[in-house]
1. Of the residues that sit in segment 1-47 and are among the polar types (S, T, N, Q) and part of a strand (DSSP E or B), which one is farthest from GLU92 (Cα to Cα)?
2. GLU54 is checked against (1) surrounded by fewer than 19 Cβ atoms within 10 Å (Cβ to Cβ); (2) more than 23 Å from GLY12 (Cβ to Cβ); (3) in contact with a strand residue (DSSP E or B) (Cβ under 8 Å, 6 or more places away or on another chain) and fails just one. What number does that condition carry?
3. Any chance you could count how many residues in segment 57-72 are surrounded by 15 or more Cβ atoms within 10 Å (Cβ to Cβ), more than 14 Å from ALA98 (Cα to Cα) and not small (Gly, Ala, Ser)?
4. For segment 52-77, which positions are in a helix (DSSP H, G or I) and either free of Cβ contacts under 8 Å to residues at least 12 places away in the same chain or within 10 Å of ILE90 (Cβ to Cβ) (or both)?
5. Does segment 105-116 contain at least one residue that is in contact with a Phe, Trp or Tyr (Cβ under 9 Å, 6 or more places away or on another chain) and farther than 18 Å from ILE23 by Cα?
6. Which residues, counting only those in segment 10-40, are buried (at least 19 other Cβ atoms within 10 Å of the Cβ) and not hydrophobic (A, V, I, L, M, F, W, C)?
Amino acid sequence: MLEVFIDGASAGNPGKSGIGIFIRGEGHQDKLSEFAGVVDNHTAEFTAFLRGVEEAAKRTTGLVSIRSDSKAVVSAVEKRYAKNPVHRDILERALAIADSFEFFFIKWIPDEENRAADALAREGIRKG
């Protein structure tokens with residue numbers, strides 16, 4: 001199983017934003033930190049989800065577990081719907097990839113369990 005911890009962070013709302021992805025399992029322990037542009041926090045979170053499934057797809061087609069502290073992202077994935085058109089576009093792109101995994105699920109986790117991805121997302125802000 002591949003566990004993919006994702007997080008988005010913004011310095012302002014909107015403001016400079018970053019995403020962080022921490023992947024572990026199946027012989028991987030990878031960290032990714034990227035600048036996500038000047039967007040609001042929710043858009044950064046959805047962008048982190050998309051990048052998380054993209055990175056997972058490079059490593060496996062099997063079991064993928066996404067872990068996020070964003071209730072908005074987890075709820076949108078579970079419902080397979082986002083009201084905001086920007087988020088809906090990102091969600092649809094991500095779900096198209098997620099549907100290619102043998103098994104895929106997403107789980108909400110509290111902030112304290114997502115520290116690695118949070119630190120990477122904050123690092124991503126500084127890259128912009």
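Every read-out reported here was derived from the displayed coordinates using simple, explicitly stated rules and does not represent laboratory data. Worth saying up front: this structure is predicted, and the values here are computed from it rather than measured. Don't worry about glycine lacking a Cβ; one is built from the backbone with ideal geometry, like all the others, and counts go over all protein chains shown.
1. Within segment 1-47, the match that is farthest from GLU92 (Cα to Cα) is GLN29.
2. (3)
3. 1
4. Answer for segment 52-77, where residues must be in a helix (DSSP H, G or I) and either free of Cβ contacts under 8 Å to residues at least 12 places away in the same chain or within 10 Å of ILE90 (Cβ to Cβ) (or both): VAL73, SER75, ALA76.
5. no
6. SER10, LYS16, SER17, GLY18, GLY20, SER33, GLU34
For every residue, the table says whether it meets (1) touching a residue at least 60 places away in the same chain (Cβ under 8 Å); (2) of a type in the set (Phe, Trp, Tyr); (3) part of a helix (DSSP H, G or I); (4) closer than 21 Å to ALA57 by Cβ.
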| position | (1), (2), (3), (4) |
| --- | --- |
| VAL86 | no, no, yes, no |
| ILE90 | no, no, yes, yes |
| ARG93 | no, no, yes, yes |
| SER100 | no, no, no, yes |
| ILE106 | no, no, no, yes |
| GLU112 | no, no, yes, no |
| ASP118 | yes, no, yes, no |
| ARG122 | yes, no, yes, no |
| ILE125 | yes, no, yes, no |
